[in-house]
Structure formats: C-alpha cells, structure tokens
1. Given labels modelled 7 Å from the Cα in the Cβ direction, how far is it in nm from I118 to D207?
2. Please work out, to two decimal places, the log10 of the ratio I(q)/I(0) at q = 0.08, 0.11, 0.12 Å⁻¹ from a Debye calculation in which every Cα of the chain carries one identical scatterer.
3. Using a 1.4 Å probe, how large is the accessible area of D212, given in Å² and rounded to the nearest 10?
4. Which angle from 0 to 90°, rounded to the nearest 10, does the C-alpha axis of helix 96-107 make with the longest principal axis of the chain?
5. Using a Gaussian network model of the chain with C-alpha springs under 10 Å, which one of P52, P21, P250 is most mobile by mean-square fluctuation?
6. Give me the percent of accessible area attributable to carbon and sulfur for the range 183-230, probe 1.4 angstrom.
7. Could you provide, to the nearest whole Å², the per residue accessible area of the chain with probe 1.4 Å?
8. How large are Rg and Dmax for the range 108-262 when calculated on the C-alpha trace, in angstrom?
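The values are calculated or read from the model by the stated rules, or taken from the named source; none is laboratory data. Keep in mind the model is a prediction, meaning the values are calculated, not measured. Glycine gets a Cβ as well: all are built from the backbone with ideal geometry, and neighbour counts include every protein chain shown. Just the protein is used for accessible areas: all its heavy atoms, side chains included, with ligands, DNA and RNA removed. Shrake-Rupley method; radii C 1.70, N 1.55, O 1.52, S 1.80 Å.
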Amino acid sequence: MTTRDRLLALVVAVVWGLNFPATALALEHFPPFLLAALRFTILAIPTLLFVPRPKIPFGRLLLVGFGLGVLQFSFLYLSMASGMPSGLASLVLQASAPFTVVLAGVFLRERLTGRQVIGVTIAVAALGLIALHRSQTAALLPVVLALCGALGWAIGNVATRRAGAANPLHLTLWWSVVPPIPMAVLSFVVEGPDRIGAALGTAFTADALPADLGLLYIVLVATLVGYGIWSRLMATYPSSTVAPFSMLVPVVGVLASWAAFGEVPDLVEVLAGAVVVGAVLWSSRPARLSHEPVPTPVDGVPVPVLSPGAGDAPR
C-alpha cells in the first residue's frame, strides 16, 4: 500500500470517527430508520439525475448497497437509539475488520501475510480489552445490534472489492440509491407515521438545528468523502490490507465523544487505543525489500496489489 493511500485511509478513520457524535446529535431528533432513509435519499436524488451508473452487474451494486447501507446503518442507528454510547458504538462497529478478513478469505480467496495476522490479532485484542472495560456502560442488546451492523459493513466491503468499479466515487453514490426504500418502509412500519410526521414537521426549528447539522455531516463528509476514499481503496487493494484501518475509527470516536458529550476515556482506553494505532500501521507497512515490478495502471485505473499468495484472488 502506498504512503499516499495509507494517509488517505487515516483521513477516512478521522472522518468516520467524528461521524459517531454527529450521528448521536441527529438521533436526538430523528428516529433511527427515518434518519437512515433521509441520509440516503438526500444522496440518491442527485445521483439518479446526474451521475452515470457504474458499469458493474446490477446484482453486485445491490449487494454493496444492502451491506453498507441497509444492514450496517439500520443496526448501528438502532443500537445507538437503544442506548449505545457513541464512543462505544465506534469501537464495537470495528468488528467489521476481522469479519471482512474472514469473508474475503472465504469468498475472494485472499490470504493474509504473517505481518497482517500478527497486527490484526494485536489490534483485535486491544479492541476487545476496550470493549470489556466499557461493557459496563451499555446493555447487551445494543452491543449485539452494533455487531450486526459490523457484519453488514464487512459484507459491503467484500462486495465492493468484488465489484471492481472503475470509478469508486460513482459506486459510492450509486449504492446509496439502494437503502432509501427499504429504510423508509422499516421507518413506516416500526416507527409509525405519527413519529415520522413529528420529526419532519419540526426539522427546521431551532431545536432541531444540531440534528440537522449532524445529518449534513453524515451525508456530505462521512458518506461522500469517507466512502468515496474507502471504496477506491477497497477496489485497489486486498480487503485484508484496507480493512484493518477501520480499527483506528474508535480512537477518534472515543476522543470526539469525550469532547462532545463528556464520555471520558480512562488510562486503559488510551493505552489500548495507542496499541490499536500502532498495530494497524505496523501491519500495513510494505516489506523493506521487494524485487517485484510495480503494476502499471491500466486506462488510469490502479492495478490491485495483492498480498503474497493471493495472486489468484478475483479482482
């Protein structure tokens, strides 16, 4: 992975870490399924009108949107609305990294290097320590819901890698077309027309301004910037190389939640977070010596650099 792309992966981690307190603010006014429906509807309308659809099979587009959009955010928002603190949610959702590695090994035949195995294992252990330490602050159900959201993210990661779209930003915009209808149906059935009407009817009041700003951040920054970069990285490199960077998100999420809501991290969380950062960066480092030629871009599209032994992985 190039230094530039590693830095871009770090930018995504910061953007997504800040997304959790923004989501918490939005959920103070909008119910979870309605929030998800609004988030993706705002993106879907201009996408349908102005953005060319990626030249990939429609079924793969549906799978990416179902995993990243419907599964991930329906479970995540429901978890946070059920009492999951935003900092802890940012942590638990990072179970998507090991989920992605496992799913990529099964469906894409990607193989881990020894460095990646050690780095991911250390990072997962550190995340587990933070989760164990913070489990007293959340009931079991919100944690399970967040883990289901992490599995949805992993499914979307592998589907993104398998789709191999030439323009990752177009893919990011077009998979946002998938969630609005199912999320709107879920909102109508579960949350009801009265709750929906009350939230929408007061959406432009002063009291709803923090929630509105949170929604705008989710749409413009977390989705367009974050997923635009992430989709390009997932389409360029093996999932097992990119996914571990998501483990940096809870470090930002915990600190941002501390600043926004007073969710104060203690020494255990700070030390474990430092271990996560170090393990991810170490596991993503390229080998010091490499005698293999650098793949030449084809039609301006970077050729994925596969991990050793993964030369037969589908692109």
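1. 5.7 nm
2. -0.34, -0.65, -0.77
3. 30 Å²
4. 50 degrees
5. It is P52.
6. 76 percent
7. Numbers: 14030 Å² over 315 residues.
About 45 Å² of surface per residue is accessible.
8. Looking at the range 108-262, its Cα Rg and Dmax stand at 18.5, 55 Å.
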